[in-house]
Amino acid sequence: MSGIDRGQRLQDEHEALLRLKAASSLFDFETTGDPPDRYTLIFRGKGMKRGTSSKAEVEIVELHRCDVRLPYSYPQRPPDIRWLTPIFHPNVSFSGYVDVKDIGLPWDKNLALDVVCERLWDMVRLSYMDLDKASNYAAKNWFEEHDELARPVDLRPLRDKEASGGTNVVRYQRRGAQRPTTPQASASGSVLYIGEDTPIPPPATSERPSAARTRRTSSGDDDILFIGDE
């Protein structure tokens, strides 16, 4: 990747994280570089930690910091990720390192950094873990022995509020799911729940925007499709 291409990609990632920050009451970050190639991600919500002793208790903590470095070969090479605060998770090594392929993100150069941030938050709140790819066997054994633990420990998604400026949000309701009685809405945007009785809109007459990004993410049993101009 040329220096110009890399610089543009770094700038795009920074703008995406600014949008993510605006859409979240849980997320913040600090940067190094111009454009940034190193981030300290900050998550404010419930997660779990354990002391270094094998007899230490597992406890809830609500502040988490993670170091993310974008190497020179990024995005051909994935980001280097290391937790700075203690975290008790089977897919985080004792020293805090995370391999993206162990957290369900086989690396692709088109994978955006904001998607990585959402997965890291899902790890914090224990919405995502893969015991078959554990790098922390003490955590793996603990969670196998405590399968009664209600997860996630924090129910909020990372994008827990509308981004400033307002957008329309479409939430797909799975077949058979109970339809909400009062859809949420705000002055700056709207929320549309799509069910089986939702009428099919007429075909659009305007041309499709030339620059649009489609991104699919998943968390648990829910599939979310984001479509919008970038």
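The values are calculated or read from the model by the stated rules, or taken from the named source; none is laboratory data. Bear in mind that the values here come from a model prediction, so they are computed numbers and not experimental data. Cβ coordinates were reconstructed from backbone atoms using ideal geometry, including for glycine residues, and neighbour counts include every protein chain displayed.
A compact table of results
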quantity	calculated
Residues within segment 50-59 that are closer than 12 Å to Trp142 by Cα and at pLDDT 85 or above, tallied	3
Verdict on Lys46 being of a type outside the set (Asp, Glu) and crowded, with 16+ Cβ neighbours inside 10 Å	yes
Residue that is surrounded by the most Cβ atoms within 10 Å (Cβ to Cβ) [pool: residues in segment 85-100 that are touching a residue at least 24 places away in the same chain (Cβ under 8 Å) and more than 16 Å from Val124 (Cβ to Cβ)]	Asp99
Count of residues meeting criterion [of a type outside the set (S, T, N, Q), in contact (Cβ under 8 Å) with a residue 40 or more places away in the chain and not in a strand (DSSP E or B)] in segment 20-37	4
Filter pass, Thr85 being of a type in the set (S, T, N, Q) and modelled with pLDDT of 95 or more	yes
Residue in segment 114-122 that is modelled with pLDDT of 95 or more, exposed (fewer than 13 other Cβ atoms within 10 Å of the Cβ) and not basic (Lys, Arg) present	no
